[in-house]
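K.L.:
Pasting in a structure now, in C-alpha coordinates, and then I'll have a few things to ask.
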Amino acid sequence: MLGFHRSNREIARCIKWEGLMPGQPKILEYLWFHDSASQKNISRKCIIDKSTVTSLLKRMEKLDLIRKETRPED
(Lines give C-alpha, C1' and ligand atoms only; values in the text may rest on other atoms or scores of the structure.)
Protein backbone atom coordinates (compact mmCIF):
# COMPACT_ATOMS: atom_id res chain seq x y z
CA MET A 1 0.00 0.00 0.00
CA LEU A 2 2.88 2.35 0.72
CA GLY A 3 4.24 1.89 -2.80
CA PHE A 4 0.80 2.49 -4.29
CA HIS A 5 0.39 5.68 -2.25
CA ARG A 6 3.83 6.97 -3.23
CA SER A 7 3.29 6.27 -6.93
CA ASN A 8 -0.10 8.02 -6.88
CA ARG A 9 1.45 11.01 -5.13
CA GLU A 10 4.24 11.18 -7.72
CA ILE A 11 1.75 10.93 -10.60
CA ALA A 12 -0.34 13.73 -9.05
CA ARG A 13 2.78 15.89 -8.73
CA CYS A 14 3.75 15.29 -12.36
CA ILE A 15 0.33 16.06 -13.81
CA LYS A 16 0.09 19.21 -11.72
CA TRP A 17 3.51 20.29 -12.98
CA GLU A 18 2.27 19.75 -16.55
CA GLY A 19 -0.81 21.88 -15.80
CA LEU A 20 -3.26 18.99 -15.94
CA MET A 21 -6.02 18.17 -13.50
CA PRO A 22 -6.83 14.72 -12.15
CA GLY A 23 -8.82 12.82 -14.77
CA GLN A 24 -7.37 14.67 -17.74
CA PRO A 25 -4.45 12.29 -18.37
CA LYS A 26 -6.90 9.39 -18.43
CA ILE A 27 -9.04 11.22 -21.00
CA LEU A 28 -6.00 12.10 -23.13
CA GLU A 29 -4.88 8.47 -23.11
CA TYR A 30 -8.35 7.30 -24.12
CA LEU A 31 -8.48 9.84 -26.96
CA TRP A 32 -5.03 8.77 -28.15
CA PHE A 33 -6.47 5.35 -28.94
CA HIS A 34 -10.06 6.42 -29.74
CA ASP A 35 -9.89 9.56 -31.87
CA SER A 36 -13.16 11.47 -32.23
CA ALA A 37 -14.81 9.80 -29.23
CA SER A 38 -18.06 11.25 -27.93
CA GLN A 39 -18.32 12.71 -24.43
CA LYS A 40 -20.69 9.89 -23.55
CA ASN A 41 -18.13 7.25 -24.53
CA ILE A 42 -15.33 9.09 -22.75
CA SER A 43 -17.42 9.21 -19.59
CA ARG A 44 -18.37 5.55 -19.79
CA LYS A 45 -14.94 4.16 -20.70
CA CYS A 46 -12.95 6.37 -18.31
CA ILE A 47 -15.47 5.84 -15.49
CA ILE A 48 -15.91 9.57 -14.89
CA ASP A 49 -19.24 11.28 -14.21
CA LYS A 50 -20.72 13.01 -17.28
CA SER A 51 -20.73 16.45 -15.66
CA THR A 52 -17.10 16.02 -14.60
CA VAL A 53 -16.11 15.01 -18.13
CA THR A 54 -17.88 18.09 -19.49
CA SER A 55 -15.93 20.44 -17.19
CA LEU A 56 -12.62 18.65 -17.79
CA LEU A 57 -13.08 18.80 -21.56
CA LYS A 58 -13.93 22.52 -21.44
CA ARG A 59 -10.69 23.20 -19.58
CA MET A 60 -8.73 20.96 -21.92
CA GLU A 61 -10.16 22.79 -24.93
CA LYS A 62 -9.11 26.16 -23.44
CA LEU A 63 -5.56 24.77 -23.06
CA ASP A 64 -5.62 23.56 -26.71
CA LEU A 65 -5.19 19.96 -25.59
CA ILE A 66 -8.30 18.86 -27.48
CA ARG A 67 -10.65 20.16 -30.14
CA LYS A 68 -14.38 19.59 -29.82
CA GLU A 69 -16.53 19.17 -32.90
CA THR A 70 -20.24 18.70 -33.37
CA ARG A 71 -21.34 15.61 -35.23
CA PRO A 72 -24.54 15.65 -37.30
CA GLU A 73 -25.58 12.25 -35.89
CA ASP A 74 -25.32 13.44 -32.24
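The values are calculated or read from the model by the stated rules, or taken from the named source; none is laboratory data. Since the structure is predicted, the reported quantities are computational estimates derived from the model, not experimental observations. Here Cβ is always computed from backbone atoms with ideal geometry, including for glycine, and neighbour counts include all displayed protein chains.
K.L.:
So which residues in the stretch 51-65 are among the hydroxyl-bearing types (Ser, Thr, Tyr) and either exposed (fewer than 12 other Cβ atoms within 10 Å of the Cβ) or in contact with a helix residue (DSSP H, G or I) (Cβ under 9 Å, 6 or more places away or on another chain) (or both), if there are any at all?
P.N.:
SER51, THR52, THR54
K.L.:
Assess whether SER43 counts as being under 23 Å from GLU73 (Cα atoms), in contact with an Asp or Glu (Cβ under 9 Å, 6 or more places away or on another chain), among the hydroxyl-bearing types (Ser, Thr, Tyr) and modelled with pLDDT of 95 or more.
P.N.:
yes
K.L.:
For the stretch 39-50, state whether one or more residues are basic (Lys, Arg), without any contact (Cβ under 8 Å) to a residue 12 or more places away in the chain and exposed (fewer than 10 other Cβ atoms within 10 Å of the Cβ).
P.N.:
Within the stretch 39-50, not a single residue is basic (Lys, Arg), without any contact (Cβ under 8 Å) to a residue 12 or more places away in the chain and exposed (fewer than 10 other Cβ atoms within 10 Å of the Cβ).
K.L.:
Tell me, please, whether a residue that is within 14 Å of the chain's Cα centre (by Cα) and on the phi > 0 side of the Ramachandran plot can be found in the stretch 24-35.
P.N.:
no
K.L.:
From ILE27, ILE11, which residue is in a helix (DSSP H, G or I) and in contact with a helix residue (DSSP H, G or I) (Cβ under 7 Å, 6 or more places away or on another chain)?
P.N.:
None of the other options fit; the residue is ILE27.
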